[in-house]
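Below is one structure; the comments refer to it alone.
The values are calculated or read from the model by the stated rules, or taken from the named source; none is laboratory data. What you see is a predicted model; the values in this text were computed from it and never measured. So basically every Cβ, Gly included, is an ideal-geometry build from the backbone, and we count neighbours across all protein chains shown.
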Amino acid sequence: MTKQEFLEMMRLALNGKVSSGAVMENLRYYEDYINMEVRKGKKEEDVLAELGDPRLLARTIAETSSAGNGQSAEYTGEGTWHGRGGEEEYRPDSRGRQVWLKVLAKVPLWVWLIVVLLIVTVVFSVVFSVIGAILPVLLPILVVLFLVKAFRDWFN
């Protein structure tokens, strides 16, 4: 089966079960996913075999779409990699991510400065705590090594 055959089977299986926007969104998602895997070096046939039967995927999409009140994320044309179950998966970004970025952009500069200052403080306290824990053990060892070397040089 080719990518086009896979996508056509999925389109036919989704038609009438989900909105036309959801059909297009899912087709673009799977086309992007297949293209990305091929660019990573996999054979198209192997990617399609991993995905399985497009009719089964379409049935799952239709069931989850109806369970979620028919709402689905809008495809933005951009995507990111997400880990799931030990495997990476390419997923188109949703509006939720765009909203999250807008919220982060509205955070005042002084809040970011406090966050950075707290992070730096925590890093320094961890580093000095580790040094403080190691020093009582390491210092006597270093003193003994120094004395052994000094006496060895003095006797020779």
For Leu56, indicate whether it is at pLDDT 85 or above and surrounded by 13 or more Cβ atoms within 10 Å (Cβ to Cβ). no
Of the residues that sit in the range 81-138 and are assigned to a loop (DSSP other than H, G, I, E, B) and either touching a Pro at 6+ places or on another chain (Cβ under 8 Å) or modelled with pLDDT of 55 or more (or both), which one is surrounded by the most Cβ atoms within 10 Å (Cβ to Cβ)? Val107
